[in-house]
Amino acid sequence: MLNSLEIYHALNELGYRLEAGKFEPSYASEHALGNGKYLYVKRSQDGVVKKSPLVLAPETYALKAEIDRIAGIHCFWIKVKSTSYRRYPKDNGTSQYGFAADVESAEALQALVALLGGQPSSTTQPGIKRDNQNKEQAPMYPLNQILFGPPGTGKTYSTTEMAVKIADNAWYQQATFEHHGNDLRELVKERYKALVEKQRIMFTTFHQSFSYEDFIEGIRATTDEKSGALRYEVVDGIFKQLCLNARVKVQGSATQSISLRGRRIWKMSLGNTMGGEEDVYEDCLANNYVLLGWGEDIDFSNCSTYESVKARIASEKQSLEGTSNYMAVAVNTFKNIIKNGDLVVVSDGNHKFRAIAEITGEYSYLPNDEREYYHQMRSVKWLRTYTPSLPKEQIFIKSLSQMTLYELQDTTIDREKLTQLLAPVENVDSQNLPHVLIIDEINRGNIARIFGELITLLESDKRQGADDERSLMLPYSKQAFSVPQNVYVIGTMNTADKSLIQMDLALRRRFSFTEMPARPELLAGVTAFGVDVETLLTRINQRIEALLDSEHMIGHAYFMPLKKLENNADREACLACIFQDKIIPLLREYFFDDYERIGWVLNDSVKVKENRFILLQQSAQLPAFSALFPKAIADSLSDRRFRINEDAFASAEAYQGIVA
C-alpha cells in the first residue's frame, strides 16, 4: 500500500496540487480536483501516515459502488472521527467526516480521480508558450496580481508565502506536507530569505516620489578612471534587474566545490563595455585567458618587481613617464602579485559582474597587431559566465570601483555568497526558474510615471516568447527590453488609502485582483477583559461599514499578537496598547478627527462617562459658547471639544460596552 507521502507525490504528478493559499486542515494536505471537489491526504508530526492515508469527501458515498469496483482502492465506508476534515465554512455549523481509504498504486489513484471528475491544474498562462520539460514553473498563479483590502488584513504578510510558493513550488509542496502551523511559517520565512539573497524574489514599496528611474533604469554620474572626466552610467532599476536575472544563463566548468581558503580574489575589467571594447571579453572567453589593457604593447616578461616594471615603461614609452603610476601598479599586480589559483571576478560596470575565473598560468606577452592595448595575458579556467550579467548584490557588499584591477577585501566581497555561487551545479538557464517582484502599497505610486511605456509588456500575451511578443527600446540604455514569461508581480493595495475604483485603469486591466477581507474568525476563542475579541472586531467593523464603507474596516492582524499570550493580564495589557497605539489613531484618520463618530464606532453612547473612550472636555479653563459667540450662534452649536479618555484603555467596561 502507498503511504501518505507517496500518495501526496502521486497526486502532484497527476496535476492535483495543493489549493493555492490553503494551509488548513493542519493534519491533511488538501488537493484540489476542480469544481469544488477535494481529496485529502493525512499527515502527522513525522510526516508519514501508513494506515488508510487517503480521505474521500462525504459526497463520494453516492459513488460507492463504482469506487468499490476500482482495483487497488480499498475504502472504508464508515464515518469515523479519525478521518475528519474541516472545510471552511462548516456545513450548517457541523464538522463533516470523510471516508478513509488505502491505495495500492498510482494507477489506482488515477482511476479514482478520473471517476471523481478530477480536472488537473494547468501550468500555462494564457498566451504563453511553456517548455514541457520545465518542472520549475509555478502552477495556477497569475503573472500579475494585486492583494487588496483594508489595513491589517495580512496582505504584506501573505506575500511571503505566495512568493515562495511561486518561486520554488516544489520546495513549498514538500514543506506543506511535512510541516504546518508556526513551524511551516518559520521554514517559509527562511526559504524566502534565501530566495531574496539569490535575487529570485525582490521587494519594493511604491511611494509618491518613486519614479521610472527607480523602477526601470536611470542615469548616474561617475568619474572615468583614466581621464578623470565626468561620465554618465545607466543604472538598472529593480524591475529591470529582476527581468535580467530571470533570463540569465549560467555556464561553468566547476564539478566540485571550490574552497576560497588561501586564495586572493581580484576584481578585473575586460574591456570597456560602453566604449566599443566588447570584443576583448569575447576573445578572453574563447581563448581561456584574461587580458590587461594597461602596459600598451610593452613586453614585461623579464620584469619581476615593481621597480623593473616602472623602468621598462620609462624606457619603452618615454612619453608615459611620470604620467601614470597606476600603469606600473596594474602591470606589476597582474604579472607578479596575482598567483595561480587566485580568483578573478570580471566586472560589467560598477554594478554588475559577468564572469568568475581561476588563474591557471603565469604571465605571457600576447602580440596583436590589431590592438594597441590588451597585450598582457594570464591563462584562466572559467568557473562561471553569466549572460546577461548578474547584479553586484549577488556577492558584493558595496559598489565596485572603476579601477581596472584591484584586490577584493572582505569589506567589499561576501566570501560565503561567493562560495555558494561556485557550488557545483549543472549549467542553469534562469528562464526555467520563476522570479517574483513584490510591490507593497502599489496604489501609492504614480503608475504612469513608474511603469512608463512598459505597462503594455506586463500582459501575458505581450511577454517574451508569447504569441504576441513585444519589446521596446529603453530611453537611457537604448537597449531592446521585454518582460520574460517567468517574472511574476505581486502587489498589495490598502483600500482605505485609495479606492480600487480610483486605481489606474491601465493597471487594473492587466492585474488579477484578490480581496483580502478582515477575518475576525481567526481570533475565535481569544478573550481579554472578559470580551470575545472576535465579536469585538466584528461589531467595530459593522459600525465602520455603516458609517463609511467596507474598504475602511479594521483588519484582524492588529489583534493577532493576542493569540500568542497565555496570561490574561498580558492579553489585557496588549489589547489596551492595540487600542491606544493602533485602533484609535486609525479611526481618527478614517473620520478626520470627528470624535463624535469615533465614539459611535466604539458605542460610547451606552457607557457611563468613565468608561467612554471619547469624552467632551469639561474644564473650568474652557470658555462657554455664550462667551465666544452671539447667543443666536451659541444656541445653534453643539459642543465638539472632545478628548481621548486615557483611563478607558484599562477599563473592562469600556471594551464590554463596544459589544453591548
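The values are calculated or read from the model by the stated rules, or taken from the named source; none is laboratory data. Just so you know, these numbers come straight off a predicted model, no measurement behind them. Every residue, glycine among them, receives a Cβ derived from its backbone with ideal geometry; neighbour counts consider all protein chains shown.
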### Query
Restricting the first residue to region 5-20 and requiring it to be closer than 14 Å to Arg43 by Cα, which pairs with a second residue that is part of a loop (DSSP other than H, G, I, E, B) and at pLDDT 80 or above meet a Cβ separation below 8 Å and a spacing of at least six or different chains?
Ile7/Pro53
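Per-residue answers, yes or no, for (1) crowded, with 19+ Cβ neighbours inside 10 Å; (2) under 23 Å from the mean Cα position of the chain (by Cα):
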{"residue": "Arg384", "(1), (2)": "yes, no"}
{"residue": "Leu400", "(1), (2)": "yes, no"}
{"residue": "Glu407", "(1), (2)": "no, no"}
{"residue": "Ala423", "(1), (2)": "no, no"}
{"residue": "Asn443", "(1), (2)": "yes, yes"}
{"residue": "Asn446", "(1), (2)": "no, yes"}
{"residue": "Gly452", "(1), (2)": "no, yes"}
{"residue": "Tyr476", "(1), (2)": "no, no"}
### Query
Is there any pair with a first residue in region 524-540 that is part of a loop (DSSP other than H, G, I, E, B) and a second that is surrounded by 20 or more Cβ atoms within 10 Å (Cβ to Cβ) and of a type in the set (Phe, Trp, Tyr) whose Cβ atoms are under 6 Å apart and which are 6 or more apart or on different chains, and what are they?
Phe529/Tyr655
### Task
Mind checking which helices (runs of 4 or more DSSP H) fall wholly inside region 120-219 and carry at least 3 residues that are of a type in the set (Ser, Thr, Tyr) and modelled with pLDDT of 80 or more?
155-167
### Task
Please indicate, with yes or no, whether at least one residue in region 542-551 is over 17 Å from Asn603 (Cβ atoms), surrounded by 17 or more Cβ atoms within 10 Å (Cβ to Cβ) and of a type outside the set (S, T, N, Q).
yes
### Summary
Of the candidates Thr222, Thr153, Thr205, the one satisfying the condition of being more than 15 Å from the chain's Cα centre (by Cα), under 30 Å from Leu586 (Cα atoms) and not assigned by TED's automatic domain parsing to the domain that holds Ala330 is Thr153
### Query
Hey, does region 616-636 have a residue that's among the charged types (D, E, K, R) and part of a loop (DSSP other than H, G, I, E, B)?
no
### Task
Identify all residues within region 616-660 that are within 22 Å of Asp604 (Cβ to Cβ) and aliphatic (A, V, I, L, M); write none if there are none.
Leu616, Leu622, Leu637, Ile644, Ala648, Ala650, Ala652, Ala654, Ile658, Val659, Ala660
### Query
Could you say which residue among Ile554, Ile578 is among the aliphatic types (A, V, I, L, M), assigned to a loop (DSSP other than H, G, I, E, B) and under 26 Å from Asn182 (Cα atoms)?
Ile554
### Task
Taking the options Leu602, Leu575, name whichever one is more than 25 Å from Thr156 (Cα to Cα), aliphatic (A, V, I, L, M) and touching a residue at least 40 places away in the same chain (Cβ under 8 Å).
Leu602
